[in-house]
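Novice: Sharing a structure with you now.
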Amino acid sequence: MSECCDVVIVGAGPAGISAACILADHGVETIVLERGEFPGSKNMSGGVLYGHDLARIIPDFAERNCPIERNIVESRIWFTSKEGGYSLAYRDRIFEEQRRHNVFTVGRARFDRWFAEQAGQKGVLVVCGTVVTDLLKDESGKVRGVRTDREQGELEAKVVLLADGINSLLAAKTGFRPEPDPEHVALAVKEIIGLPEETISERFNVAPEDGVSIEILGSVTRGMNGVGVLYTNKNSLSLVIGGNLKDFARLRLKPYELIEDFKTHPMVAPLIKGGKPREYLAHWLPEGGYDHVPRLYGDGYLIAGDSGMLFNALHREGSNMAMVSGKIAAETIIQAIQKSDFSSESLGVYAQRLKDSFIMKDLKKYRRFPGFLQKHEDIFNTLPDSLSMAARDMLTVDGVDKKTKQSRSWKMIRSKTSRLRLLRILFNAWRSVK
Amino acid sequence: MHIVCCLKQVPDTADVKIDPETNTLVREGLESILNPYDLVAVEMAVRLKEKHGGRISALCMGPPQAQSVLRQAMSLGADAGILLSDRAFAGADTLATSYTLAQAVLILNRKTPVNLIICGKQAIDGDTAQTGPGLATRLDYTQLTYVTAVESFDPKNKLIRIKRRIEEGQEILEAELPALLTVELESARPRRASLPELIASMRKDIEVWDKKKIEGDANQLGIKGSPTWVRKMGAPPPRTSGPRFEAAKGLREAVDQSLDIIFADGFMAEELGIPTGVHHGKDSRGN
Ligand SMILES: Cc1cc2nc3c(=O)[nH]c(=O)nc-3n(C[C@H](O)[C@H](O)[C@H](O)COP(=O)(O)OP(=O)(O)OC[C@H]3O[C@@H](n4cnc5c(N)ncnc54)[C@H](O)[C@@H]3O)c2cc1C
């Protein structure tokens, strides 16, 4: 006879552990299966996390020694050309004081593990080093458990929650989710660069526990539809750069070349100077947006987090969507247990509740955004350089009057991107996020 | 039949750092694992249990987090996990560690007589290989180190036959029980726990024994009972490698050159049964 419990969760990432915590809070017997040797061993992200959503799972996370690297008090956006770029920064005291931990950085290896420990303390069994290889179904097709790669590896449950991330073998194998095509997946590489704590605080002009996040657009992705980021950790910096998988293939770019280049950019190089590379990672991200979210429930199962393509590419919000979808999935399961009804109709409440939450609202709001970026590659190749040239010309003091400079710049920009095209980009950009 | 396995939780990395002030390992920030040799010890115990029945107790001295290695042992087939944890145990060298373990074994022995203790050959963090022998000495058990295989085990007649590694080769010994083995990596390939066992091990309780429970003499415990003082630690000088021959440039030539060197060495030639001074002409290679 195989083992059984109330709920089996596949994946100990933010989605799976959030769900597990809520279930355990309600006395539901839950087992989480994780393929990594420990939670987080296989995971990466840019490293930004959101306090509001974490507090809905672990209200006193800060007191419970959550491994926070730095509290973000300043957000910068850069629009880069090859030789420089524009920078927009916003800092606010409120994030240093009252709204501390609104956004903060974490290392996923440490955070996921801490998060799983919290679940463990609530009575969840987090079983690591175990790969779920298939789902068990009964004659009617209802999911009734999972099969793992261990001996006597079947585990039965009333509900299975798939929280197995973008690399979901299961979703592809079971046909719950079509395998995403390259256009809707991004590949990101990350390097962690070690620097002394004080050096970081000094270079970014922040107090010891505070930090800065920088989102970087423009020529750093070498014409690819993508983005770079630089986040401050306690004694390291996270550099991430990535782009659409299709573009990687089209432009024949190698991820490691991309990040090596990124590190030499004149706005990046001084910030990482003297640092020691510590880790190098690569991961996928879902980028399809609203139109590529699969059906997230069925008889005996639910899907949460990246596995369900719940990711806001524009605001790099993935972990919070994972946490919140995990929480809503758990609440749905608790209701289903009360009714003893694990059918698709009963679990379908999940989809409705997601729709009413910020998750689907945001994804819907930005549904055109991935498509917008794909159709306007100017943003990544010609525009950064022309806009930079304009600024360069304007800032060079050389006896030429400003009016002449202005018209010269306009001409230069228009020679690369027509006026109509510029208008269209602006209009479509606004439409895609309005 | 009662087997006790002694386990240690160790940092898992090749990149160990040494605190220049205290000359001890910096354990912070390192992944902790069950010492690989001890994992083999558990596997060996489980195999003996499968054949002869009985019970396995896993024993570990360490901080509260070390209970994870006991769970691992239980997922593989140990029946009980006992964590020896007390501030008074901290900072122990091998003398104090073997004392603490011995006290615990004595208590276990009162309930179910212990026939065999299995330890790993050494811990990968300290590499002293002293704790096992120290424990055997304290308990007056037969001491069998560097074991590569258990040939036979006969608790009824209190006999065990093992193979062990010695400098020049192998040794087969028959000895009396109770005995303590320290095992080499090749002595048993650890299994992977089945899912039910893994889940069950996570649900089981770990007993925690403190200094009172083991009836320890405070002067022999932890840092107090540890006369060892690490004065200096350093890496051994890198070994100079022998001559190199570029096989890519010409395989035959490279082989010729290397054979020349071997045969020029009188001791080596003798070992190989080749009269010295005989040049390895074409004939010696059989063509
Ligand atoms: C480069 C990069 C930067 C990012 N930056 C940010 C950011 O700054 N902020 C943010 O909020 N989000 C960011 N994200 C997104 C964020 O990381 C994800 O959205 C989030 O981790 C999703 O959580 P999850 O629990 O759904 O999936 P995951 O975190 O991927 O967890 C899935 C877990 O399931 C396990 N698993 C998978 N398959 C199996 C199986 N068959 N059996 C057992 N276990 C299995 C995996 O090992 C993994 O632990 C970033 C992502 C990337 C790649």
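Novice: In the range B:2-220, what % of DSSP beta bridges are antiparallel (nearest 5)? Write out the running numbers ahead of the final one.
Specialist: Values: 19 of 46 bridges.
Taking every DSSP beta bridge with both residues in the range B:2-220, the antiparallel ones total about 40 percent.
Novice: Kirkwood-based Rg over Rh for the range A:381-433 (C-alpha set), two decimals? Let's see the in-between values first.
Specialist: Working: Rg = 12.9 Å, Rh = 12.1 Å.
Here the Rg-to-Rh quotient is 1.07.
Novice: A further question follows. Give me the dipole magnitude in Debye, nearest 20, for the range B:2-220 about the Cα centre, with unit charges on the beta carbon: positive for Lys and Arg, negative for Asp and Glu. Let's see the in-between values first.
Specialist: Numbers: 27 positive and 30 negative charges, 192 e Å.
Here the range B:2-220 has a charge dipole of around 920 debye.
Novice: So if I place +1 on the C-beta of Lys and Arg and -1 on the C-beta of Asp and Glu, and nothing else carries charge, what would the dipole magnitude of the range A:91-196 be about its Cα centre? I want it in debye, nearest 20. Could the numbers behind the result be given before it?
Specialist: On the way: 17 positive and 17 negative charges, 92 e Å.
Using only the charged Cβ atoms, the result is roughly 440 debye.
Novice: Follow-up question, since we're still on this one. How many percent of the alpha carbon pairs in the range A:183-286 exceed a separation of 23 Å? It would help to have the intermediate numbers written out before the result.
Specialist: Details: 1385 of 5356 pairs.
In whole percent, the long-distance tail amounts to 26.
Novice: Under 20 Å Cα to Cα from residue A:416, which aspartates and glutamates show up? Leave out anything in the same chain fewer than 8 places away.
Specialist: Straight-distance partners of residue A:416: A:83, A:377, A:378, A:385, A:393.
Novice: Can you give me the Kirkwood hydrodynamic radius for the range B:146-194, using every pair of distinct Cα atoms, in Å to one decimal? It would help to have the intermediate numbers written out before the result.
Specialist: Details: mean 1/r = 0.0854 Å⁻¹.
Over the range B:146-194, the inverse of the mean reciprocal pair distance is 11.7 Å.
Novice: Averaged across B:186-198, how many Cβ atoms of other chains sit within 10 Å of each residue's Cβ atom? It would help to have the intermediate numbers written out before the result.
Specialist: Working: counts 0, 0, 0, 0, 0, 1, 5, 5, 6, 16, 9, 3, 11.
Average per residue, whole number: 4.
Novice: Grab the alpha carbons of the range A:279-434, take their convex hull, and tell me the volume per residue in Å³. Don't jump to the answer; show the numbers that get you there.
Specialist: Values: hull volume 23.6 nm³, N = 156.
Hull volume over Cα atoms, normalised by residue count, gives 151 Å³.
Novice: What list of whole percents do you get for P(r) of chain B, with Cα-Cα distances grouped in 5 Å bins up to the one holding the largest distance?
Specialist: So the P(r) values, bin by bin, are 1, 5, 10, 14, 15, 13, 10, 8, 6, 6, 5, 4, 2, 1, 0, 0.
Novice: If packing is taken as the mean number of other Cβ atoms within 10 Å per residue, what is the order of B:68-78, B:142-152, highest first? If you can, show how the numbers build up before the last one.
Specialist: Values: B:68-78: 23.9, B:142-152: 18.1.
For the peptides B:68-78, B:142-152, the packing ranking is B:68-78, B:142-152.
Novice: Is there a quick way to get the dipole size of the protein assembly as shown? I mean about its Cα centre, with the Cβ of Lys and Arg at +1 and of Asp and Glu at -1; what is the value in debye to the nearest 20? Don't jump to the answer; show the numbers that get you there.
Specialist: On the way: 96 positive and 94 negative charges, 557 e Å.
Dipole size: approximately 2680 debye.
Novice: Continuing with this model, one more query. Within 10 Å of each Cβ of A:10-23, how many other protein chain Cβ atoms are there on average? Working shown, then result.
Specialist: Working: counts 0, 0, 0, 0, 0, 0, 0, 0, 0, 0, 0, 0, 0, 0.
For peptide A:10-23, the averaged partner shielding equals 0.
Novice: Also, quick follow-up: Wrap a convex hull around the Cα atoms of the range A:34-146, take a quarter of its surface area, and give that in square nanometres. Don't skip to the end; give the middle numbers.
Specialist: On the way: hull surface 45.8 nm².
With the hull built on Cα positions only, its mean projection is 11.5 nm².
Novice: Another question, if that's okay. Got a sec? Charge dipole of the protein assembly as shown, +1 on Cβ for Lys and Arg, -1 for Asp and Glu; which of A:242, A:304, A:400 is way out at the positive end?
Specialist: A:400
Novice: Taking +1 at the Cβ of each Lys and Arg and -1 at the Cβ of each Asp and Glu, which of A:114, A:94, A:126 sits farthest along the dipole of the range A:83-126 towards its positive end, judged by Cα position relative to the Cα centre?
Specialist: A:126
Novice: Can you pull out the trypsin sites (Lys or Arg not before Pro) in the range A:243-347 that DSSP calls coil and that have at most 15 other Cβ atoms within 10 Å? Mind dumping the intermediate values first?
Specialist: Numbers: sites: A:246, A:250, A:252, A:263, A:273, A:278, A:295, A:316, A:327, A:339; in loops: A:252, A:273, A:295, A:316.
Those satisfying the criteria are A:252, A:273, A:295.
Novice: Could you list, in their original order, any pairs among B:8/B:211; A:273/A:402; B:8/B:49; B:163/B:211; A:246/A:365 whose Cα atoms are separated by more than 28 Å?
Specialist: Working: B:8/B:211 18 Å; A:273/A:402 36 Å; B:8/B:49 21 Å; B:163/B:211 36 Å; A:246/A:365 24 Å.
From B:8/B:211; A:273/A:402; B:8/B:49; B:163/B:211; A:246/A:365, over 28 Å: A:273/A:402; B:163/B:211.
Novice: Would you work out which of B:177, B:98, B:65 lies farthest towards the positive end of the dipole of chain B, given +1 charges on the beta-carbon of Lys and Arg and -1 on that of Asp and Glu, about the Cα centre?
Specialist: B:65
Novice: What GluC sites (Glu not before Pro) in the range A:69-178 are in a loop by DSSP, with at most 13 other Cβ atoms within 10 Å of the Cβ? Intermediate results must be reported in sequence, preceding the final value.
Specialist: Working: sites: A:69, A:74, A:83, A:96, A:97, A:117, A:139, A:151, A:154, A:156; in loops: A:83, A:96, A:97, A:139, A:151.
For GluC sites (Glu not before Pro) across the range A:69-178 that sit outside H, G, I, E and B with at most 13 neighbouring Cβ atoms in 10 Å, the list reads A:83, A:97, A:139, A:151.
Novice: What is the mean projected area of the alpha carbon convex hull for the protein assembly as shown, to one decimal in square nanometres? List each step's numbers first, then the result.
Specialist: On the way: hull surface 178.1 nm².
Projected area, direction-averaged: 44.5 nm².
Where a number appears in this text, it was derived from the coordinates with a stated rule and is not lab data. All figures in this text were calculated on a predicted structure; none of them were measured in a lab. Cβ coordinates were reconstructed from backbone atoms using ideal geometry, including for glycine residues, and neighbour counts include every protein chain displayed.
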